[in-house]
Amino acid sequence: GEIAELRALAAALTDVLGPLPVAADFYPTTGRLHVTFDQAADPATLDATGLGIDEDADDAAELVLDAATTVLETSPAYVLTLQLTATDAAALSSLDAADLRLLLAADCVRDPGGAGNAPVTAADEVAVTIHAPTLVTIDGRLDDGEWDPYLALPDSSDSGWTAANEIDGLRAAW
């Protein structure tokens with residue numbers, strides 16, 4: 001079943017809704033800001049200078065991200081991981097975490113179809129959560145060397161009869 005009217009309608013449809021952020025998480029240990037969007041965002045289109053952090057809901061950014069901010073993803077994703085510069089990471093860590101909000105300029109990120117985001121203001125209430133500093137960051141990424149100090153686990157019940165390392169249990173200190 002080919003319906004000519006539907007084919008003509010489909011050809012006229014265009015995507016005009018770009019990705020909008022729904023949450024942001026900052027991990028001070030690694031200096032990374034994870035921004036979650038309502039649809040896939042194209043990391044190659046992100047202009048970091050269009051992102052700001054508002055500390056007091058007055059729509060004025062206390063921190064605007066540096067152009068040297070890098071995006072770790074290489075293909076479109078719902079969550080983009082931004083590696084902040086050391087200066088930006090320190091500045092974000094020093095803000096009052098009580099009511100941080102993410103601000104975005106219009107069209108500072110696009111979806112894979114090319115539609116840009118609408119501006120995001122303090123009234124949109126996109127919260128930025130600052131997580132506690134930890135020895136390692138459990139953020140879904142296994143960075144080279146991050147876990148190396150914790151890979152050699154001493155096991156007092158290893159068998160003297162075999163060369164195998166039989167780990168009978170594992171404790172985690174939080």
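Brief remarks on what is shown
- Residues being closer than 14 Å to THR81 by Cα and either out of contact with any Phe, Trp or Tyr (no Cβ under 8 Å at 6 or more places or on another chain) or open to solvent by 90 Å² or more (accessible area, probe 1.4 Å) (or both) - total across the stretch 1-28: 6
- Residue match in the stretch 12-29 (condition: within 12 Å of the chain's Cα centre (by Cα) and at pLDDT below 95): yes
- Of all residues in the stretch 95-110, those satisfying the criterion of being of a type in the set (A, V, I, L, M) and in contact (Cβ under 8 Å) with a residue 12 or more places away in the chain are LEU95, ALA97, LEU100, LEU102, LEU103, LEU104, ALA105, ALA106, VAL109.
- Odd one out for ASP59 among (1) acidic (Asp, Glu); (2) over 22 Å from GLU125 (Cβ atoms); (3) over 15 Å from the mean Cα position of the chain (by Cα): (2)
- Checking ALA122 against (1) of a type in the set (A, V, I, L, M); (2) open to solvent by less than 30 Å² (accessible area, probe 1.4 Å); (3) touching a Pro at 6+ places or on another chain (Cβ under 8 Å), the condition it does not meet: (3)
- Within the stretch 95-112, the only residue that satisfies the criterion of being open to solvent by 50 Å² or more (accessible area, probe 1.4 Å) and of a type in the set (Lys, Arg) is ARG110.
- Here is the figure for the stretch 49-62: residues that are among the hydrophobic types (A, V, I, L, M, F, W, C) and either at pLDDT below 95 or crowded, with 20+ Cβ neighbours inside 10 Å (or both) total 3.
- Qualifying positions in the stretch 62-99 - part of a loop (DSSP other than H, G, I, E, B) and over 18 Å from the mean Cα position of the chain (by Cα): GLU62, LEU95, ASP96
The values are calculated or read from the model by the stated rules, or taken from the named source; none is laboratory data. The shown structure was predicted, so the numbers you read here are calculated from the model rather than taken from an experiment. Virtual Cβ from ideal backbone geometry, glycine too; neighbours counted across all protein chains shown. We work out accessible area using only protein heavy atoms, side chains counted, and drop any ligands, DNA or RNA first. Shrake-Rupley method; radii C 1.70, N 1.55, O 1.52, S 1.80 Å.
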